Amino acid sequence: MLSENEIKILDFLKTVKRSNSEEIANKTGLSISSVLSLINLLAEKGYVRVEKKVEEYYALTEEGKKRKNEGLPEDILINKLNGREEEINNVKTMLGEDFNIAISWAKKKGLIDIKEGKIIPKISSHVSEEYYALFNLENANKNLIEVLERRGLVEKREKIIILVELLKEPEEITPTISNITHEILVSGEWKKYKFKKYNVAAFPPFFPISKKHYFKEFLEKVKDIMINLGFTEVNTGYVEMEFYNFDILFQPQDHPAREIHDSFSIEGMGKIDNQDLLNNVKKMHESSWKYEWKQEIALRLMLRSQSTATTARVLASKPNPPLKVFTVGKVFRPDAIDATHLIEFHQLDGLIIDDNFTFRDLLGVLREIFYRLGIREIKFKPAYFPFTEPSVEVYGYLEKLGWVEMCGAGLLRPEILNAVGIKSRAGAWGIGLERLAMSFLNINDIRLLYSNNIEYIREMKVNLW
Ligand SMILES: N[C@@H](Cc1ccccc1)C(=O)O
């Protein structure tokens, strides 16, 4: 059986009997590489004979290409002189590095005389034969080509030609096609063809479609939940002053409680203009913790270790209650990285400020947030955080892992609310998001959330809620 393209080639060969691969490609519109493979198939089937031949031809050198663009030096000389004689030195500056070639060829060709330091042109314009030859090497005569070769404007090259000779014509054949076009349908030509069978078991080509990273998508779903609950999103930077990460949150400067978790410090100091706020926080620390509070320590920079720092900034901004805000962002803590620990991870921190807000309200909000996150069973356990009183930890039930600690929460201490001048009550909480994501995405190594294995990332889907 012959394919449509094999028949195309045979049809062309019927008219010429002999041809070569290049010509066949030109005439049939097939690429040279498919012609080469098709003529070999045809040779195997006995339709053609294929012969390799090496052919010599001439091609322009770099110098040749330049002269083709700019003209030959002797012609330039004549055309520049334009019939006037000129001092040799002036001609030198006119022609630069081409001076010697121009003079020697112009003399050889009898285009100039040289007398008493002057160049005297015999004609006022000139175009050499060799120049025309540069445009048509294939048809140029042998002598010209020899001159061009001597002048280094062309060089001999070899190319391999595949000669093809038709041995026998195909009998009556029905070509096969794989698709129907409007034209062959309308003209009725389709009747002449056989149809290639579809291979319905073949896999289609793989098309990677761009999509969001699955963990990013998870974080966005979490934000959607908070927004649906009526919270407003707030964000602050990763580089933070200890003041917002610790001091305002009632964590003493000289107390191990400050090291409730480790943190990364950063060179340099921040700046706080609100002197009242600084004074109030100083008072809060000195009257409650009984030590000398130092502003230099509070202004030191660090990578925030909890997104409660964002909550602290909201508190310090003289907010207007009632207020419901949340933030989702990265925090940083030195740690040994393993399957359940990273040194940077995400937290969701929330804050509600309202006149009559109670601890029970807080528990209700948390229950609702976790319910929407897909955690239907939760437990509260008394806990300690420096900035809340009372404080709780929230445990959520996960099928595979059982009860898992997911959140810290509590009512903000009156010391803090006094320092920032808030008269209402306030509830706050912080939820670690990576572990939650792991349970949803069925991942047992936290590092996979940050994998750069593209195959793996493509496969992962967020299929929650
Ligand atoms: N920031 C605390 C969590 C927390 C936030 C807000 C209130 C109480 C606790 C942590 O990282 O563990």
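Read the figures in this text as sums done on the coordinates, not as results from a lab. Every value quoted in this text rests on a predicted model; they were computed, and no experiment measured them. As a convention, Cβ positions derive from the backbone with ideal geometry for all residues, glycine included, and neighbour counts pool all protein chains shown.
Only loop residues by DSSP count here, and only those with at most 15 other Cβ atoms within 10 Å; note down the trypsin sites (Lys or Arg not before Pro) in segment 249-318 that meet that. Intermediate results must be reported in sequence, preceding the final value.
Numbers: sites: Arg258, Lys271, Lys282, Lys283, Lys290, Lys294, Arg300, Arg304, Arg313; in loops: Lys271, Lys290, Lys294, Arg304.
Sparse-neighbourhood loop trypsin sites (Lys or Arg not before Pro): Lys271, Lys290, Lys294.
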*Mind checking segment 351-434 for chymotrypsin sites (Phe, Trp or Tyr not before Pro) that DSSP puts in a loop (not H, G, I, E or B) and that have at most 11 other Cβ atoms within 10 Å?*
none
*asked:* Let's test this: bin the Cα-Cα distances of segment 261-326 at 5 Å from zero up to the farthest pair and state each bin's percent.
replied: 3, 13, 19, 23, 24, 13, 4, 0
*asked:* When the expected Rg is taken as 2.2 N^0.38 Å, what fraction or multiple of it is the alpha-carbon Rg of segment 94-146?
replied: 1.36
*Provide, as a two-decimal number, the C-alpha radius of gyration of segment 62-154 over 2.2 N^0.38 Å, N being how many residues it has.*
1.09
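Out of the trypsin sites (Lys or Arg not before Pro) in segment 324-388, which ones are loop residues according to DSSP with at most 14 other C-beta atoms within 10 Å? Show your work: numbers first, answer last.
Values: sites: Lys324, Lys330, Arg360, Arg367, Arg372, Arg376, Lys379; in loops: Arg376.
Within segment 324-388, the qualifying trypsin sites (Lys or Arg not before Pro) (loop, at most 14 other Cβ atoms within 10 Å) are Arg376.
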_Within straight-line cross-link reach of Lys168, lysines at Cα separation under 16 Å, skipping those fewer than 8 residues along the same chain_ = Lys8, Lys14, Lys17, Lys45
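Over all pairs of distinct alpha carbons, what does the Kirkwood formula give as the hydrodynamic radius of segment 215-360, in Å?
Numbers: mean 1/r = 0.0604 Å⁻¹.
One over the average 1/r among Cα pairs gives 16.6 Å for segment 215-360.
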*If you project the alpha carbons of segment 318-399 onto the principal axes, what extent comes out on each, in Å, largest first?*
43, 35, 24
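Looking at segment 1-144 from every direction and averaging, what is the projected area of its Cα convex hull in nm²?
Values: hull surface 48.0 nm².
Average projection, Cα convex hull of segment 1-144: 12.0 nm².
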*Cross-link partners of Lys461 among lysines (Cα-Cα below 17 Å; sequence separation of 8 or more within a chain)*: Lys211, Lys212, Lys216, Lys221
*Taking N as the number of residues in segment 333-465, what is its Cα Rg relative to 2.2 N^0.38 Å?*
1.21
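Tell me the Kirkwood hydrodynamic radius of segment 137-240 in angstroms, computed as one over the mean inverse distance between distinct C-alpha pairs. Can you show the working numbers first?
Working: mean 1/r = 0.0413 Å⁻¹.
Result for segment 137-240 stands at 24.2 Å.
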*If you project the alpha carbons of segment 214-459 onto the principal axes, what extent comes out on each, in Å, largest first?*
54, 42, 28
*Inverse mean reciprocal Cα-Cα distance (Kirkwood Rh) of the chain, Å*: 31.7
*Longest exposed-loop-site-free stretch of the chain, with GluC sites (Glu not before Pro), DSSP loop and at most 12 other Cβ within 10 Å?*
173-291
*Report, ordered by chain and residue number, the lysines lying within cross-link reach of Lys156, taken as a straight Cα distance under 23 Å and ignoring same-chain residues fewer than 8 apart.*
Lys52, Lys53, Lys65, Lys66, Lys68, Lys142
